[in-house]
Amino acid sequence: MRKGSMEESSPWMNGNIENFNNWFGAKFWDKETFTSRENIRARSLHFVDQHNDLSAWKKKDKELKQIAPVRLLKNAMGINLDKLPLTDGKIHFIRKVDNKAGINVLNEVFEVGKAFISEYVWATICLGKRKMGVYYRAQDWNAPALIKEFEYDVMTLT
């Protein structure tokens with residue numbers, strides 16, 4: 001997308017999701033060390049509970065009565081370990097390219113090019129191929145284009 005684009009599907013149009021993603025990264029994912037998928041699940045559910053408690057507190061009216069939120073994150077954040085294959089499939093990320101021409105995916109920085117600074121890109125990890133492709137779509141393009149590809153082997157936590 002070009003700077004200044006205001007399409008409904010643009011990540012900057014959904015402040016709640018972007019705010020949670022920033023909060024999750026800064027307050028949880030970037031600070032923790034995990035020992036297994038079960039450890040990630042237990043600790044992330046605890047984090048989500050804390051986040052929901054804070055969100056519920058923020059949504060009180062002037063009489064301090066809690067207003068029921070439309071949707072809390074707990075139900076959306078469940079991780080079913082039986083349906084988490086790490087041998088096949090794809091994981092997608094939308095990231096804004098920083099001032100150093102890089103994006104952060106799962107606590108690793110990948111340089112994507114100075115031409116994309118301040119633009120949003122779509123990174124897809126293909127678990128079967130053990131590669132990560134980074135895609136960009138300008139407003140006047142019909143489809144996203146692969147702009148960079150990286151070797152990406154995911155370590156399986158047990």
Assuming VAL154 fulfils every condition listed in (1) at pLDDT below 85; (2) touching a helix residue (DSSP H, G or I) at 6+ places or on another chain (Cβ under 6 Å) apart from one, which condition is it?
(2)
Which of the residues belonging to the range 43-55 are modelled with pLDDT of 80 or more and exposed (fewer than 13 other Cβ atoms within 10 Å of the Cβ)?
HIS46
Qualifying position, being in a loop (DSSP other than H, G, I, E, B), under 21 Å from SER118 (Cβ atoms) and modelled with pLDDT of 55 or more, among LYS100, LYS3, LYS31
LYS100
Which residue out of GLU18, GLU38 is at pLDDT 55 or above, in a helix (DSSP H, G or I) and in contact with a Pro (Cβ under 9 Å, 6 or more places away or on another chain)?
GLU18
May I ask you to list the residues in the range 104-139 that are touching a residue at least 40 places away in the same chain (Cβ under 8 Å), more than 23 Å from ASP88 (Cα to Cα) and in a loop (DSSP other than H, G, I, E, B)?
SER118, GLU119, ARG137, ALA138, GLN139
Matching entry among LYS114, LYS131 (being modelled with pLDDT of 90 or more, more than 18 Å from ASN99 (Cβ to Cβ), surrounded by fewer than 16 Cβ atoms within 10 Å (Cβ to Cβ) and of a type in the set (Lys, Arg))
LYS131
Confirm whether VAL105 is more than 24 Å from ILE40 (Cβ to Cβ) and surrounded by 13 or more Cβ atoms within 10 Å (Cβ to Cβ).
no
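The values are calculated or read from the model by the stated rules, or taken from the named source; none is laboratory data. What you see is a predicted model; the values in this text were computed from it and never measured. Reconstructed Cβ throughout: ideal geometry from the backbone, glycine too, with neighbour counts over all protein chains shown.
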